[in-house]
Amino acid sequence: MIGLVATTRNGRRRAAHLAQIWEDATLYGGKPSEALRSAWADCDGIVIFLATGAAVRLAAPLLADKRRDPGIVCVDDAARYAVALAGGHAGGANELTARVGEALGAEPIITTASESLGLPALDSLGEDLGFKVEEGSDLAGVGAVLVSGDTVRLVSESRWPTGPLPDNVVTKIEGASEENGCEGATARIVISDGLADEPGPGCVVYRPPSLVVGVGCSRGASREEILGLVRSTLRGAGLSEKSVAALASADVKADEPGLLKAASSLDVPVRFRSAEELSAFEVPNPSSVVEGAVGTPSVAEASVLAAGAELLVEKEKSRAATVAVGRLPVRGKLRLVSLGPGSDALIPPMAREALARSEIVVGLEQYVERVRHLLRPGTSIFTLPLGDEIARCEKALEEAREGGSAALVSSGDVGIYAMASPALELAGADVDVEVIPGITAAQAAASLLGSPLGHDHCSISLSDLLTPWEIIEKRVGAAAMGDFVVSLYNPRSKGRDWQLGEVRSLLLEHRPPETPVGIVKNAYREDAEVTVTTLSALRPEDVDMLTVVVVGNSRTKLVAGRVVTPRGYLD
């Protein structure tokens, strides 16, 4: 919940606006000190519409522990600035500041060292992956070393898609000597589910959600017995309870109160599978008694295997419960990122965030160069020329399959004549894939022309490198007969200089010569060119591969020099 506190007329007006557009926001009335105390008790974050000095004096008596205090954002009376005042990382004030800035058009002011330098915040590192910081971790000490540029050793048995880390964070290769670039490290970051890895001065330990616990139990087994067996089994194996991602069992136990309460105590879900599914797995300790009772020779061990985990601890038993433990494989992340056309202003916010969270960015050099300034320190870059599309997909997938986070970038929208299609054809279920939408070349061209896509429209690529010309010709003919507005991609190149003329002839069979045609080169770039002509006057030699040609339908017209396709509202 976000609390909103304001005193002036402008402040109350803007606070009321946030309360209206944010479902999780509440406006607190009354005197500022009373309103702030009430919000402090109820909310995870607070936005105060006051001068920073006044906000500091009001908040100071309430501050207790940065791990529990709400994040505070201060907004001036003119809403020119939104300042992360306290709880930048732990309290979420940095994220809230950006959110306020976007909603009010204010400039976000974030002064924490990691954000200023583009470095990861240690108290939220891996938060999106489910990492938990072990108690006793030296966040301040390691953070100071990280910011200073001194060497920090990262120790992990597996690679995790944590996002880019600066060059002074050096990975410790398990089993290798200290001469691997980690010598001289004054701080350590450890990602481990093992109890042997403990925090201390100069060390931060993260518990990843890497374990699944299979549970079998008799009817009526108590929460205490199940929970006790889970915890004793984990301790005996030297594994952290904080790394348990889920419990797993047979679906006949889906209403078992003790099991559900045990999961609630651990704050994890329970995954259920049918006896038929579980019986398909070979386990080291099958039981005919269990098979007779629930229809599968194993519940605990089979549930671990069914979750896709490697069995670490074979089943252990108490009077009414059975437990087994497995380790889940790390799933990497592939982000298919749309950069939009030309201008930085048209790069979607989701794309900016995806780039900031990717360890490696893969794409055509001209596209990667467009966003180099948006990448965080430590981000790797991999480029291959036009024609090596599959190699680019495979490189991005290779990084993701190894547990990393990769961004494969395309201009326009990644799913329109771009890299999403081949990447998804190659990607398997072992990789998490996120597709980031963007503004297409046709949309950009249409905006510069006016509103030619105001009614039904289609896009057709004239490149016959991957699609036979006979098929392209049929599609153009169908669009012409259907009276669609047509956006032509890849209209003409040095090696393909006749196709656009053929398309013009095809369209003229169904549309009048005076049909408006828009020609847009380099949309939203500094050298953008916008030309409006007619279908009969269209000159293919004026067009190249950086051009989108938009051909109107039978109702498209010019209004004050702008191309408009009526929808029928004014008829």
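Rule-based calculations on the coordinates, nothing more; no lab input. Note that the structure is predicted; figures quoted are calculated from it, not measured. All Cβ positions, glycine included, derive from the backbone under ideal geometry; neighbour counts span all protein chains shown.
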Burial-style ranking of 427-435, 146-154, 548-556, average other-beta-carbon count within 10 Å with highest first, yields 548-556, 146-154, 427-435
One would report the antiparallel percent of DSSP beta bridges in the stretch 211-327, rounded to the nearest 5, as 60
Projected convex hull area of the chain, Cα atoms, direction-averaged, in nm², equals 34.6
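When ranked by the protection proxy of mean other Cβ atoms within 10 Å per residue, highest first, what sequence do the peptides 377-388, 65-76 form?
Details: 377-388: 14.0, 65-76: 20.6.
Ranked from most to least packed, the peptides come out as 65-76, 377-388.
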Relative to the chain, whose Cα atoms define the longest principal axis, helix 32-42 and its Cα axis are tilted in degrees, nearest 10, by 70
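What shape does the stretch 1-55 have by the C-alpha gyration tensor, where a ≥ b ≥ c are the square roots of the eigenvalues, rounded means a/c under 1.5, and otherwise prolate means a/b greater than b/c and oblate the rest?
Because a/c hits 1.5 or more and a/b fails to exceed b/c, the stretch 1-55 counts as oblate.
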For the chain, the longest principal axis of the Cα atoms and the Cα long axis of helix 93-104 enclose an angle in degrees, to the nearest 10, of 30
Burial-style ranking of 450-460, 83-93, 191-201, 54-64, average other-beta-carbon count within 10 Å with highest first, yields 83-93, 450-460, 191-201, 54-64
Summing +1 per Lys or Arg and -1 per Asp or Glu among the other residues with Cβ less than 13 Å from D432's Cβ gives +1
At the level of C-alpha centres, the distance separating the stretch 502-556 and the stretch 416-455, in angstrom, is 22
Any lysines whose Cα falls less than 23 Å from that of K66, other than same-chain ones fewer than 8 residues away, would be K132, K242
Note on the stretch 333-439: alpha-carbon gyration tensor, axes a ≥ b ≥ c; rule is a/c under 1.5 for rounded, else prolate if a/b larger than b/c, else oblate; result rounded
In whole angstrom, the spacing between the Cα centers of the stretch 55-131 and the stretch 226-278 equals 36
Around A144 (Cβ within 13 Å, Cβ-to-Cβ, excluding A144; K/R +1, D/E -1) the net charge comes to -2
Full extension between E277 and M350 adds, at 0.36 nm per residue less the Cα distance, a length in nm of 22.4 nm
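With both bridge residues required to lie in the stretch 442-564, what share of the DSSP beta bridges run antiparallel, to the nearest 5%?
Of those bridges, close to 70 percent are antiparallel.
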Summed over the other residues with a beta carbon less than 15 angstrom from that of S240, with K and R at +1 and D and E at -1, the charge totals -2
Cross-link reach from K521 to lysines, straight Cα distance under 24 Å and at least 8 residues apart if same chain, gives K494, K557
Over the chain, the sum of -39500 (n - 2.57) across DSSP H runs of at least four, divided by residue number and rounded to 500 deg cm²/dmol, gives at 222 nm -8500 deg cm²/dmol
Rounded to the nearest 5, the percent of antiparallel DSSP beta bridges in the chain equals 40
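Taking a cut-off of 21 Å, what percent of all Cα-Cα pairs in the stretch 442-564 are separated by more than that?
Pairs farther apart than 21 Å: 30 percent.
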Treating every alpha carbon of the stretch 211-327 as one equal point scatterer without solvent, the Debye formula yields log10 I(q)/I(0) values at q = 0.10, 0.22 Å⁻¹ of -0.22, -1.24
A student applying the Cα gyration tensor rule (rounded when a/c is under 1.5; otherwise prolate if a/b is larger than b/c, oblate if not) would label the stretch 2-111 rounded
